[in-house]
Amino acid sequence: MAAATTVVGGGISLIWGWIPAFLWVVAGTAVAAGAYGLGSLWLSARHPGLGPAGLAAKIIGPRAADFFFVLGFFLLLILNAACAGLAAKLMAAFPAAVLPFWSLIVVALALGALLHRRAGAEILPAALAVLPLSLLLIWLLGKAPVAITGAVHLDLRGGPVLTLDAVFLWVVLLFAYGYHSARLPQHVLARPRGFLTALLLGALLFAFYGGMVVEHPALVAPEFNAPRAGPGVAPWLFVTLTSGALAGFHLLVANGVTARQMERETDARYIGYGAALVDGLIALSAILIGAAAFDSAEEWNRFYASWENLKDPQKILLLYLNGLTRYATAIGVEAEFARTAAATVMISLLVATLEAGLRIQRQLLTGFVQRRRLAVLQKDRTMLWLAVGASAAFALHDGRGLGWLGTWPVFGVANQVLALAGLLLLVLALKRARRPVIHALVPLGVLAVLANWGLAQLLAEWAAAESWGLFGLGLLLFIAECGIGASALMRLRPTTPAAPKT
């Protein structure tokens with residue numbers, strides 16, 4: 001679901017060398033992320049119908065619910081805007097992927113109608129039929145690129161206010177699509193489109209790893225690297241590279257999307273741990289591409305010269321797509337087809353994350369107004385309008401569709417803080433159920449140090465640069481985290497029984 005952010009994190013992590021990135025992906029996926037993914041699904045399945053804020057209210061206390069809402073809402077605000085903006089930039093950069101992307105939505109609608117209320121045994125034949133059909137559509141429609149050229153600039157008092165170009169228009173269209181997709185039941189579009197995207201991603205990863213085996217490239221990235229202008233490996237490797245789905249967004253997805261579609265609670269073991277392993281494989285592919293896709297160490301050093309060069313996630317995505325294309329051609333895939341397919345899959349992943357983000361943001365808003373008993377707003381369509389409107393306004397407020405770019409560092413820290421809060425929920429729930437807590441308690445302790453270390457560094461950096469908007473947002477995250485922690489401590493505090501009346 002959030003594979004694109006995993007790719008970005010994996011690509012950025014190479015700035016500290018390939019050994020730290022590789023070790024964190026392997027260790028984090030095998031130990032921390034698997035327990036976190038499994039625990040998130042178990043927790044959600046045990047409390048059906050409750051969102052993250054509702055879980056916090058039940059397990060920690062009513063005050064914690066609003067703090068969870070703040071963390072989740074602002075995380076999704078940045079993520080939704082970023083996914084729409086990055087997908088729009090890729091559609092502008094790869095016009096050959098535009099028609100294939102939209103055609104796969106039609107295929108997904110047909111797949112959803114075909115499989116609805118069918119037996120699970122029919123999924124495999126459908127997958128075997130729909131995968132080659134999708135690849136054929138990408139190959140055929142990729143020969144008809146759709147490019148939006150030119151731009152309309154609106155200036156006010158000599159300064160740019162609005163730029164109507166390809167990126168801006170695609171952002172608007174993607175949010176319009178996200179609104180209509182989130183209104184539909186999940187089995188109609190979101191589930192089959194996610195399934196289809198996962199099939200294509202699997203084919204892409206198969207081609208990539210096959211090409212790596214055939215070409216057997218040398219790693220030009222250094223084993224360890226200390227960038228001259230940039231943060232240290234700790235805590236930023238762990239904040240940047242959310243190894244194997246150890247991220248707050250995955251708690252939101254597990255609760256708001258996945259757990260609501262599971263037939264049995266026991267499926268959480270395979271889905272939660274399996275998703276962590278797949279996310280780890282995606283992160284590993286990004287690390288391998290960043291370490292081996294350059295022709296020389298000098299070329300690698302130019303790309304990873306400084307931290308500032310990596311603050312635009314599109315650079316990492318373009319590097320990843322070019323790397324996928326290179327290694328797919330090593331096993332005989334046509335270069336143009338490989339490039340179009342890679343771009344189509346990446347756009348589809350970004351839009352799948354956008355769809356899920358809008359759906360979950362609506363759930364968060366619905367829970368918030370229900371707790372406040374605001375009957376006027378308690379309509380799904382109203383909540384969805386608020387979710388789409390807030391995310392779209394955040395993306396478009398700069399007039400170019402890239403309003404999220406300056407807040408991207410906040411996303412990494414917010415992701416970790418929300419994951420920390422999710423682990424705290426899991427520890428308390430396991431303790432209440434009288435189950436072992438060590439597998440969640442150890443990641444909780446480590447993540448508490450790393451997330452707050454990174455947040456403290458960012459707050460100091462923003463204060464020094466007088467970036468008070470970012471400073472205020474970071475401070476809000478810290479206050480929400482402290483509020484959840486304080487509520488949890490109050491819940492754990494032993495109560496003194498009342499003295500008997502005489």
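The values are calculated or read from the model by the stated rules, or taken from the named source; none is laboratory data. As the structure is a computational prediction, the values presented were derived from the model and not from experiment. Note that we place each Cβ from the backbone using ideal geometry, even for glycine, and neighbour counts take in every protein chain shown.
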Original post:
If we scan region 307-321, do we find a residue that is aromatic (Phe, Trp, Tyr) and part of a helix (DSSP H, G or I)?
Top reply: yes
Original post:
Has region 43-64 got at least one residue that is in contact (Cβ under 8 Å) with a residue 60 or more places away in the chain and among the hydroxyl-bearing types (Ser, Thr, Tyr)?
Top reply: yes
**OP:** Residues being outside any loop (DSSP other than H, G, I, E, B) and acidic (Asp, Glu): count how many of those fall in region 212-255.
**Re:** 1
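Just for region 13-63: of the residues that are of a type in the set (Val, Ile, Thr) and surrounded by 24 or more Cβ atoms within 10 Å (Cβ to Cβ), which one is nearest to Ala229 (Cα to Cα)?
Residues of region 13-63 that are of a type in the set (Val, Ile, Thr), as a first pass: 15, 19, 25-26, 29, 31, 59-60.
Next, only the ones that are surrounded by 24 or more Cβ atoms within 10 Å (Cβ to Cβ) stay: 15, 25, 29, 60.
Numbers: Ile15: 11, Val25: 24, Thr29: 29, Ile60: 42 Å.
Filtering first and then ranking leaves Ile15.
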Subject >> Lone unmet requirement of (1) among the small types (Gly, Ala, Ser); (2) without any contact (Cβ under 8 Å) to a residue 40 or more places away in the chain; (3) touching a Gly at 6+ places or on another chain (Cβ under 8 Å) for Ala352 >> reply: (2)
Original post:
Taking only pairs six or more apart or across chains, which ones have beta-carbon atoms under 6 Å, a first residue in region 419-438 that is free of Cβ contacts under 8 Å to residues at least 60 places away in the same chain and assigned to a loop (DSSP other than H, G, I, E, B), and a second residue that is among the β-branched types (Val, Ile, Thr) and surrounded by 11 or more Cβ atoms within 10 Å (Cβ to Cβ)?
Top reply: Val437/Val427
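Rundown of residues vs (1) crowded, with 20+ Cβ neighbours inside 10 Å; (2) not β-branched (Val, Ile, Thr), yes/no style:
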position	(1), (2)
Tyr320	yes, yes
Ala330	no, yes
Glu334	no, yes
Phe337	no, yes
Ala343	yes, yes
Leu350	yes, yes
Thr353	yes, no
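Given the options Ala275, Ala268, Ala283, Ala259, name the one that is within 27 Å of Leu426 (Cα to Cα), at pLDDT 85 or above and not in a loop (DSSP other than H, G, I, E, B).
It is Ala283.
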Original post:
Since Cys482 meets every condition but one in (1) buried (at least 16 other Cβ atoms within 10 Å of the Cβ); (2) more than 20 Å from the chain's Cα centre (by Cα), which condition does it not meet?
Top reply: (1)
**OP:** Name, by its number, the condition in (1) modelled with pLDDT of 90 or more; (2) crowded, with 23+ Cβ neighbours inside 10 Å; (3) closer than 28 Å to Leu174 by Cβ that does not hold for Pro313.
**Re:** (1)
Original post:
Taking into account only those residues within region 220-246 that are in contact with a Leu (Cβ under 8 Å, 6 or more places away or on another chain) and among the hydrophobic types (A, V, I, L, M, F, W, C), which is nearest to Tyr273 (Cα to Cα)?
Top reply: Leu246
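Could you count how many residues in region 237-296 are hydrophobic (A, V, I, L, M, F, W, C) and over 21 Å from Leu444 (Cα atoms)?
At the first step, the residues of region 237-296 found to be hydrophobic (A, V, I, L, M, F, W, C) are 237-239, 241, 245-247, 249, 251-254, 257, 259, 262, 268, 271, 275-278, 281-284, 286-289, 291-294.
From the residues that got through so far, the ones that are over 21 Å from Leu444 (Cα atoms) too are 257, 259, 262, 271, 278, 281-284, 286-289, 291-294.
Summing the residues that are hydrophobic (A, V, I, L, M, F, W, C) and over 21 Å from Leu444 (Cα atoms) in region 237-296 gives 17.
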Original post:
Considering region 110-132 alone, what residues qualify as being under 16 Å from Leu200 (Cα atoms), of a type outside the set (Gly, Ala, Ser) and surrounded by 14 or more Cβ atoms within 10 Å (Cβ to Cβ)?
Top reply: Leu111, Val130, Leu131
Subject >> Tally, over region 116-137, of residues that are within 14 Å of Gly194 (Cα to Cα) and not small (Gly, Ala, Ser) >> reply: 3
Original post:
In region 208-225, what residues are closer than 10 Å to Leu288 by Cβ and among the aromatic types (Phe, Trp, Tyr)?
Top reply: Phe208, Tyr209
Original post:
Within the set of pairs 6 or more residues apart or between chains, which connect a residue that is without any contact (Cβ under 8 Å) to a residue 24 or more places away in the chain and closer than 18 Å to Val239 by Cβ inside region 456-476 to a residue that is of a type outside the set (Ser, Thr, Tyr) and not in a helix (DSSP H, G or I) with Cβ atoms less than 6 Å apart?
Top reply: none
Subject >> Qualifying positions in region 370-409 - of a type in the set (Val, Ile, Thr) and either touching a residue at least 40 places away in the same chain (Cβ under 8 Å) or not in a helix (DSSP H, G or I) (or both) >> reply: Val388, Thr407
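I'd like the full set of residues that are surrounded by 18 or more Cβ atoms within 10 Å (Cβ to Cβ) and not basic (Lys, Arg), limited to region 180-194. Before the answer, list the steps.
Residues of region 180-194 that are surrounded by 18 or more Cβ atoms within 10 Å (Cβ to Cβ), as a first pass: 181-182, 186, 189-194.
Listed by number, the residues that qualify are Ser181, Ala182, Gln186, Leu189, Ala190, Pro192, Gly194.
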Subject >> From Phe238, Phe224, Phe249, residue being aromatic (Phe, Trp, Tyr), under 15 Å from the mean Cα position of the chain (by Cα) and over 27 Å from Ala330 (Cβ atoms) >> reply: Phe249
